[in-house]
Amino acid sequence: MSKNVKSNNKNTKKSASKAKKFTRNNYKIESLEPRLMMDADSGFDAEHLNDYAEQIESISGNIGEQVSAAVDSIDGFDASKLGLGEYAGSFTTLFGESVDTLKTTIADKVNDVLAQSLDMAHTAIEQANANLAEGVDPISKLSLSELVDTYVKNFLESEQGEEYKGLTFSAEGSKLTVGIDLSETKSLENLGVDLGSWGKVSVDGAANLSATAQASVSVELDKDGSGSLLDSADDAEISAPQVDKLEVSVDIPGASAKFMNLSVSEIESADEPSPDLSLSYTPDEGVTKNVDLEFKVDEIANLPFYVADEGVLKVSTNDGELDVQVPEFKLNKDFSLGTVLKAVESVKIEDLVSALNNNIGDLPSGVSELSFVQEGHPFP
């Protein structure tokens with residue numbers, strides 16, 4: 001499905017490039033071969049390259065809007081599935097303060113690259129035409145391939161082009177294809193990971209969230225087939241964007257946390273795949289979720305039980321669903337009732353009852369069955 005690009009597009013803010021000062025000294029003005037340029041089948045009007053600014057801005061705005069909409073329309077890709085609550089809603093909100101941030105970022109960057117590349121070409125053509133040998137016709141057209149392969153390439157490789165890394169441009173005839181590979185990283189304080197019926201792991205300190213979006217979109221610049229690019233307001237047509245990859249990942253490096261009101265510490269393992277939590281999408285694999293968390297239960301004092309085998313809490317995914325493996329609890333044979341009464345004030349007994357019943361081991365001699373029940377009191 002395609003959409004015509006109108007020069008009076010109202011959906012995109014004025015490009016930030018309007019306020020930028022670009023210095024030609026930071027990139028190379030390529031020398032032109034007049035005969036090659038004259039043979040172009042289609043192209044921009046070389047004498048009026050600076051007049052395309054409004055149409056380029058409109059096209060860039062539409063690219064940003066359509067790519068952003070395509071990213072948010074991926075069925076099943078919901079960052080909230082990672083259990084991050086308020087930290088992860090729609091994917092585009094991960095790239096800034098609002099859903100419009102990704103859209104305007106793409107629009108501004110695409111517009112800057114194309115506008116500055118046309119400006120470079122305009123300067124080069126003026127210089128070439130001013131120094132023509134006698135009998136040589138002036139350059140009248142700039143082909144799309146020449147714009148992309150020479151001027152866009154030079155701009156992206158310049159010092160100023162550093163901030164546009166992640167954008168690629170290619171040309172085939174009168175069709176321009178823009179590749180987009182953008183990423184954003186945030187630090188999340190006091191993160192909570194929702195484990196469903198198991199409760200919540202509350203992380204003390206910072207966790208790192210990364211979001212990546214890869215997409216591509218093509219624009220036909222000679223829809224009417226006249227041989228002149230963008231010679232009317234309706235001469236550009238944008239094809240539906242292709243979303244190639246989306247990913248949200250969270251890394252919790254050695255953080256301390258609370259689980260069932262027990263203190264736990266995240267274990268960093270050399271063979272543990274990174275990140276700790278991720279949600280990803282590709283056209284071939286669809287949406288996949290992966291969780292790989294390991295926490296060591298810290299030393300438990302003044303309680304009638306202890307955690308066996310160093311007490312490792314494992315949280316992973318099994319067929320897309322969370323799988324929580326709680327460590328085995330063993331009875332502390334030396335505990336006294338007084339110790340229990342002191343401890344219950346700091347422990348949520350309702351959280352521990354289920355875990356104790358499911359994971360208790362090493363019963364005292366002569367005891368064949370033991371269960372814990374909560375009926376309005378810490379223990380019966």
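The values are calculated or read from the model by the stated rules, or taken from the named source; none is laboratory data. This is a predicted model, so every value here is computed, not measured. In this analysis, Cβ positions are derived from the backbone assuming ideal geometry, glycine residues included, and neighbour counts consider all displayed protein chains.
Any chance you could count how many residues in the range 125-142 are surrounded by 21 or more Cβ atoms within 10 Å (Cβ to Cβ) and either more than 17 Å from Lys175 (Cα to Cα) or in contact with a Ser or Thr (Cβ under 7 Å, 6 or more places away or on another chain) (or both)?
So the count comes out to 2.
Given the conditions (1) buried (at least 18 other Cβ atoms within 10 Å of the Cβ); (2) within 21 Å of Asn62 (Cα to Cα); (3) basic (Lys, Arg), report the number of the one that Lys175 does not fulfil.
Among (1) buried (at least 18 other Cβ atoms within 10 Å of the Cβ); (2) within 21 Å of Asn62 (Cα to Cα); (3) basic (Lys, Arg), Lys175 violates only (1).
Looking at the range 108-118, is at least one residue at pLDDT 95 or above and either β-branched (Val, Ile, Thr) or touching a Cys at 6+ places or on another chain (Cβ under 6 Å) (or both)? I'd like the intermediate steps shown before the answer.
First, pick out the residues of the range 108-118 that are at pLDDT 95 or above: 108-118.
Still in the running and either β-branched (Val, Ile, Thr) or touching a Cys at 6+ places or on another chain (Cβ under 6 Å) (or both): 110, 113.
Yes, the range 108-118 has at least one match.
Consider only pairs whose beta carbons are under 8 Å apart and that are at least six residues apart or on different chains; among these, list those whose first residue lies in the range 223-234 and is over 19 Å from Leu147 (Cα atoms) and whose second residue is part of a loop (DSSP other than H, G, I, E, B) and basic (Lys, Arg).
Listed by first residue and then by second, the contacts come to Ala233/Lys6; Asp234/Lys6; Asp234/Lys223.
Please tell me if Asp271 is at pLDDT below 70 and in a loop (DSSP other than H, G, I, E, B). Give the derivation first.
On the way: at pLDDT below 70: yes; in a loop (DSSP other than H, G, I, E, B): yes.
So Asp271 fits the description; yes.
With Thr150, Thr123 as the choices, which residue is among the hydroxyl-bearing types (Ser, Thr, Tyr), in contact with an Asp or Glu (Cβ under 7 Å, 6 or more places away or on another chain) and touching a residue at least 12 places away in the same chain (Cβ under 8 Å)? Don't jump to the end; show me each part of the working.
On the way: Thr123 fails: in contact with an Asp or Glu (Cβ under 7 Å, 6 or more places away or on another chain).
Being among the hydroxyl-bearing types (Ser, Thr, Tyr), in contact with an Asp or Glu (Cβ under 7 Å, 6 or more places away or on another chain) and touching a residue at least 12 places away in the same chain (Cβ under 8 Å) holds for just one of Thr150, Thr123, which is Thr150.
Yes or no: the range 226-238 includes at least one residue that is surrounded by 15 or more Cβ atoms within 10 Å (Cβ to Cβ), out of contact with any Ser or Thr (no Cβ under 6 Å at 6 or more places or on another chain) and assigned to a strand (DSSP E or B).
yes
Val201 versus (1) surrounded by 19 or more Cβ atoms within 10 Å (Cβ to Cβ); (2) in a strand (DSSP E or B); (3) at pLDDT 75 or above: which is the lone unmet condition?
Going through the list (1) surrounded by 19 or more Cβ atoms within 10 Å (Cβ to Cβ); (2) in a strand (DSSP E or B); (3) at pLDDT 75 or above, Val201 breaks only (3).
Confirm whether Leu176 is under 30 Å from Ser316 (Cβ atoms) and not in a helix (DSSP H, G or I).
No, not satisfied.
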